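Undergrad: One structure follows; several queries about it will come next.
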Amino acid sequence: MFAVHLMAFYCSKLKEDQIKKVDRFLYHMRLSDETLLDIMARFQAEMQKGLGKDTNPTASVKMLPTFVRAIPDGSENGEFLSLDFGGSKFRVLKVQVSEAGKRKVQMESQFYPTPNEIIRGNGSELFDYIADCLADFMKTRGLKHKKLPLGLTFSFPCRQTKLEEGILLSWTKKFKARGVQDTDVVSCLTKAIRKHKDIDVDILALVNDTVGTMMTCAYDDPYCEVGVIIGTGTNACYMEDMNNIDLVEGDEGRMCISTEWGAFGDDGALEDIRTEFDRELDLGSLNPGKQLFEKMISGLYLGELVRIILLKMAKAGLLFGGKKSSALHTKGKIETRHVAAMEKYKEGLANTREILTDLGLEPSEADCIAVQHVCTIVSFRSANLCATTLAAILTRLRENKKLVRLRTTVGVDGTLYKIHPQYPKRLHKVVRRLVPNCDVRFLLSESGSTKGAAMVTAVASRVQAQRKQIDHVLALFRLTPEQLKDVQGKMRTEFENGLRKDTHLTATVKMLPTYVCGMPDGTEKGKFLALDLGGTNFRVLLVKIRSGRRSVRMYNKIFAIPLEIMQGTGEELFDHIVQCIADFLDYMGLKGAQLPLGFTFSFPCRQTSIDKATLIEWTKGFKATDCEGEDMVDMLREAIKRRNEFDLDIVAVVNDTVGTMMTCGHEDPNCEIGLIAGTGSNMCYMEEMRNIELLEEDEGKMCINTEWGGFGDNGCLDDIRTQYDKEVDEGSLNPGKQRYEKMTSGMYLGEIVRQILIDLTKQGLLFRGQISERLRTRGIFETKFLSQIESDRLALLQVRRILQQLGLDSTCEDSIVVKEVCGAVSRRAAQLYGAGLAAIVEKRREDQGLEYLNITVGVDGTLYKLHPHFSRILQETVKELAPRCDVTLILSEDGSGKGAALITAVAKRLQQAQKEK
Ligand code: BG6
Ligand code: BG6
Ligand code: GLC
Ligand code: GLC
């Protein structure tokens, strides 16, 4: 009895002594809770640094955006290939994610070796090898004939700007293939796969193993928002709020961040806790100075740390009677699996003896106890350190969500965590102690990270399919150079038809004589009133022209024309106009003054003289009754008479294109074309009298108002008109009319965009498939909004804000699509304008028999003025289609009112001369 007690006493004394001895030796490796909390705080600061745009470049913890934006929602399905590369084992898999909400995943996989000469050899050989394994897998599984999307789990730090890309920042763990760092791993692998002509694989997603793990676990537990790997290496990812991620545009929702916490301390932040053993291990590693936190924690290093410690202790005579074996001297001889075995609850001591004996040592009982305790300290420190960084992440999540208590799940994988008998328990316990206000469930990823990678790939493949649908729609708006040439040619034909006597009346491009026969010569002078009706604004102006110095002073006032007046009766419209004139005269203190008036009236009119203009038909947003077929000057005169307050001398009626050409012609005599890209679309130009068959004279020139907005009304543009153009036309005030205008001008571009957005939404590609009331509202996309949305200077967030102001509740992804749609529509418009303009300059060049034509175009209109790319694309197109014309576009700064006044001045002078005769 006594002997038994004595024995027990001896044993526990022996154990206690050994433990004390090791504790003393490894004093520095035992971390108090105070230290752990301190490290946790440091890591919180590191995460912040990694997330900041300015601080990220120097941050050691890189906090890499993964472009994985949501955990699985169960709707994922399909068949995928998957590669799992970078952990202790390389696997190729086929993953079948089940149909319709059945949440079933089937996997077939095969392991392939990763020989050192491959993973530390040449980069291209490494990728060839991976591609070979993939091809082999596909062959043996009979998958060669299938085109399958592939998700690549690549467990190294990669900088991503999209899901299907990853620039390797550095190799870690035991990998070090040459020439891969700083290159895109996805393209490298794609290139290698392409060499296999018999397989067709599309890499849709690259994910880190932590991300795969999180997604795997989240498939079963929707609370999972953290993924941790404690295996060969260590790392964690978690779902971060987008508005905290400076490096990625957008502020909506969350994105998974791969922290790459293994590099924590690489900037010296952990020097106070690193020991001489850590430093020695680091020096002997493949990447000295790098991944310092990982080297204190993960499976690749724990065994080696133990070996270094044992060797030191043996050297100090604290173990094995001071004897060392050559195996103990050899790097890598103790592995993590040995550490795990030595720490086994029951067999641990026996295992220790066996392992040490295998290392050529002759351990005593005391040695075994001591070595076992070394292992405990090393692995405990590992769990402690992991707990600190994990606790920091959990705290961040809780704070992001502004919660007092966080309930969450952490998905975990990695051999160290899986095979070490005490590790999980220890880790959980410390985490719970460090963050008592988090209820954490730890979920072991049973099926590795590929199931999660397949989820990501499934989402990516859905996105890709959607992308194809969107591209299909946008492609309808892309015109080839041939198509543009064709438009140019057809426009030219229509010009000729409009000018010829026999075809004039039926021509869709009306080519209306304006009775404006010359450009201003600088001698014009006087004080004029001008009206400017038909663009975005109705304006009344007073224009003072002084001769000689070509100086013009203008005073103007903008008046609104309410919709009910625009579309009421003609009398109401003209009464309203006269009312505005009265207000203006009053405002200018000109009551009773009898001034000559020039009337810019921006609608197609048949003129028989400069002051006679019969409205052919309304265009754009006007539809007042009893006006078509009437002389607009008469209607204005009658309205003035009805009011009986003042008299005005209406001298000239001009189209806005003509006013614009004149305005610009006042500065540049070479300006012989006027172009409007505004609410409506139109062009005028100076034509040789002899080409205008309607008029008798053959001498000189006259300005022709082409009214090209009606181009296409005979169906000649039907090959490029889309269903959206047709919808816009059908919903307009003048269905079937002004087809070219409806494809090009400000009043309609927004409508085309709206029709496309409605269609994309119906297809479930936008606005979560919900067509809102706002989207149903005609006219919400005014030209100014289109122009703002397309501005390059605008960040995505601002685009989204504009859309939200328009009442469109869009996500960032939606905003990208809306911007693309706007771009496609406005680009086509600018190109069509270019084709029209090319047609006229080429005609002018040929008519004059010139090799080269030098000509200036005066331009006005909100589309041209506000849109960020319109003018550039227009000019590029003209250059392309009319290479022998040097076309200079100048912007009319003063509107067409000035031009109208100049025309009035000339007409007045002629009137006077006529009278004097
Ligand atoms: C596996 C995952 O289960 O664990 C891998 O499928 C991951 O993606 C690995 O890299 C990590 O553990 P280890 O121990 O293999 O590095
Ligand atoms: C103005 C002219 O500057 O531009 C108007 O003065 C013209 O005469 C108008 O109609 C065209 O642009 P928008 O965009 O206002 O239709
Ligand atoms: C290394 C890699 C990291 C990976 C981890 C676990 O730390 O850099 O990307 O997640 O190992 O495999
Ligand atoms: C419409 C009108 C036209 C005008 C153009 C620009 O096309 O019919 O006369 O020039 O809009 O405002």
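The values are calculated or read from the model by the stated rules, or taken from the named source; none is laboratory data. Small disclaimer: the values here were computed from a predicted structure and weren't measured. So basically every Cβ, Gly included, is an ideal-geometry build from the backbone, and we count neighbours across all protein chains shown. The protein model used for the area step is the full one, side chains on, heavy atoms only, and it has no ligands, DNA or RNA in it. Shrake-Rupley method; radii C 1.70, N 1.55, O 1.52, S 1.80 Å.
Undergrad: Determine whether the range 78-87 contains at least one residue that is over 28 Å from the mean Cα position of the chain (by Cα), within 30 Å of Ala460 (Cβ to Cβ) and among the aromatic types (Phe, Trp, Tyr).
TA: yes
Undergrad: Name the single residue, out of those in the range 788-802 being assigned to a helix (DSSP H, G or I) and either more than 17 Å from the chain's Cα centre (by Cα) or surrounded by fewer than 22 Cβ atoms within 10 Å (Cβ to Cβ) (or both), that is modelled with the highest pLDDT.
TA: Of everything passing the filter in the range 788-802, Gln788 is modelled with the highest pLDDT.
Undergrad: Among the residues of the range 765-780, count how many are in contact (Cβ under 8 Å) with a residue 40 or more places away in the chain and in a loop (DSSP other than H, G, I, E, B).
TA: Within the range 765-780, residues that are in contact (Cβ under 8 Å) with a residue 40 or more places away in the chain and in a loop (DSSP other than H, G, I, E, B) number 3.
Undergrad: Does Glu667 satisfy being of a type in the set (Asp, Glu), more than 11 Å from ligand 2 (Cβ to nearest atom) and at pLDDT 95 or above?
TA: no
Undergrad: Can you tell me which condition Leu51 does not meet? The list is (1) of a type in the set (A, V, I, L, M); (2) surrounded by 12 or more Cβ atoms within 10 Å (Cβ to Cβ); (3) more than 29 Å from Leu397 (Cα to Cα), and all the others hold.
TA: (3)
Undergrad: I'd like the residue in the range 206-220 that is more than 11 Å from ligand 1 (Cβ to nearest atom) and either among the aromatic types (Phe, Trp, Tyr) or not in a helix (DSSP H, G or I) (or both) and, out of all such residues, is farthest from the chain's Cα centre (by Cα).
TA: Tyr219
Undergrad: Any idea which of (1) touching a helix residue (DSSP H, G or I) at 6+ places or on another chain (Cβ under 8 Å); (2) part of a loop (DSSP other than H, G, I, E, B); (3) on the phi < 0 side of the Ramachandran plot is the one Gly448 doesn't satisfy?
TA: (3)
Undergrad: A further question on this structure: Looking at the range 333-340, can you tell me whether even one residue there is farther than 21 Å from Ser60 by Cα, in contact with a Pro (Cβ under 9 Å, 6 or more places away or on another chain) and modelled with pLDDT of 95 or more?
TA: yes
Undergrad: Additional query: Anything in the range 521-551 that is among the aliphatic types (A, V, I, L, M) and either within 19 Å of Leu636 (Cβ to Cβ) or surrounded by fewer than 22 Cβ atoms within 10 Å (Cβ to Cβ) (or both)? List them, or say none.
TA: Residues satisfying the conditions are Leu529, Ala530, Leu531, Leu533, Val540, Leu541, Leu542, Val543.
Undergrad: Scanning for something under 15 Å from Arg91 (Cβ atoms), without any contact (Cβ under 8 Å) to a residue 40 or more places away in the chain, part of a helix (DSSP H, G or I) and β-branched (Val, Ile, Thr), does the range 135-148 turn up at least one residue?
TA: Within the range 135-148, one or more residues are under 15 Å from Arg91 (Cβ atoms), without any contact (Cβ under 8 Å) to a residue 40 or more places away in the chain, part of a helix (DSSP H, G or I) and β-branched (Val, Ile, Thr).
Each row is one residue, and each column tells you yes or no for (1) among the small types (Gly, Ala, Ser); (2) open to solvent by 10 Å² or more (accessible area, probe 1.4 Å).
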position: Thr259; (1), (2): no, no
position: Phe264; (1), (2): no, no
position: Gly289; (1), (2): yes, yes
position: Glu294; (1), (2): no, no
position: Leu300; (1), (2): no, yes
position: Glu304; (1), (2): no, yes
position: Ile308; (1), (2): no, no
position: Ala316; (1), (2): yes, yes
position: Gly322; (1), (2): yes, yes
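Undergrad: Quick check on my filter: what residues within the range 78-104 are surrounded by fewer than 21 Cβ atoms within 10 Å (Cβ to Cβ) and either in contact (Cβ under 8 Å) with a residue 40 or more places away in the chain or hydrophobic (A, V, I, L, M, F, W, C) (or both)?
TA: Gly78, Glu79, Ser88, Phe90, Arg91, Ala100, Arg103
Here's the yes/no breakdown for (1) touching a Leu at 6+ places or on another chain (Cβ under 9 Å); (2) within 16 Å of ligand 2 (Cβ to nearest atom); (3) under 27 Å from Thr336 (Cβ atoms):
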residue	(1), (2), (3)
Val95	yes, no, no
Ile119	yes, no, yes
Asn122	no, no, no
Asp128	no, no, no
Met138	yes, no, no
Gly142	no, no, no
Lys173	yes, no, yes
Lys191	no, no, no
Lys197	no, no, no
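Undergrad: Inside the range 713-733, can you point out the residues that are surrounded by fewer than 17 Cβ atoms within 10 Å (Cβ to Cβ) and not in a helix (DSSP H, G or I)?
TA: Asn714, Gly715, Asp718, Asp719, Gly731, Leu733
Undergrad: Could I ask something else about it? Given the criterion in contact with a Leu (Cβ under 6 Å, 6 or more places away or on another chain) and either within 16 Å of ligand 1 (Cβ to nearest atom) or basic (Lys, Arg) (or both), identify the matching residue among Arg827, Arg845.
TA: Unique residue meeting the criteria: Arg845.
Undergrad: Let me ask something else. Taking the range 562-594 only, how many residues are out of contact with any Gly (no Cβ under 9 Å at 6 or more places or on another chain) and under 19 Å from Met632 (Cα atoms)?
TA: 15
Undergrad: Has the range 555-569 got at least one residue that is surrounded by fewer than 16 Cβ atoms within 10 Å (Cβ to Cβ), in contact (Cβ under 8 Å) with a residue 60 or more places away in the chain and not in a strand (DSSP E or B)?
TA: no
Undergrad: Separate question: As an exercise: evaluate Met107 against (1) surrounded by fewer than 19 Cβ atoms within 10 Å (Cβ to Cβ); (2) closer than 20 Å to His196 by Cβ; (3) among the aliphatic types (A, V, I, L, M) and give the number of the one condition it does not meet.
TA: The single condition Met107 does not satisfy is (2).
Undergrad: Listed residues Glu707, Glu687, Glu741; which is among the charged types (D, E, K, R), within 10 Å of ligand 4 (Cβ to nearest atom) and touching a Leu at 6+ places or on another chain (Cβ under 9 Å)?
TA: Glu707
Undergrad: When you go through (1) at pLDDT 95 or above; (2) farther than 21 Å from Thr183 by Cα one by one for Met107, which number turns out not to apply?
TA: All conditions are met except number (1).
Undergrad: Taking helices (runs of 4 or more DSSP H) that fall entirely within the range 818-917, which contain at least 2 residues that are within 30 Å of Ile545 (Cβ to Cβ) and open to solvent by 10 Å² or more (accessible area, probe 1.4 Å)?
TA: Passing ranges, in order: 862-866, 896-916.
Undergrad: Strands (runs of 3 or more DSSP E) wholly in the range 221-320 with at least 3 residues that are away from ligand 1 (no atom under 16 Å from the Cβ) and at pLDDT 95 or above - which ones?
TA: Of the strands (runs of 3 or more DSSP E) lying wholly inside the range 221-320, those with at least 3 residues that are away from ligand 1 (no atom under 16 Å from the Cβ) and at pLDDT 95 or above span 234-241.
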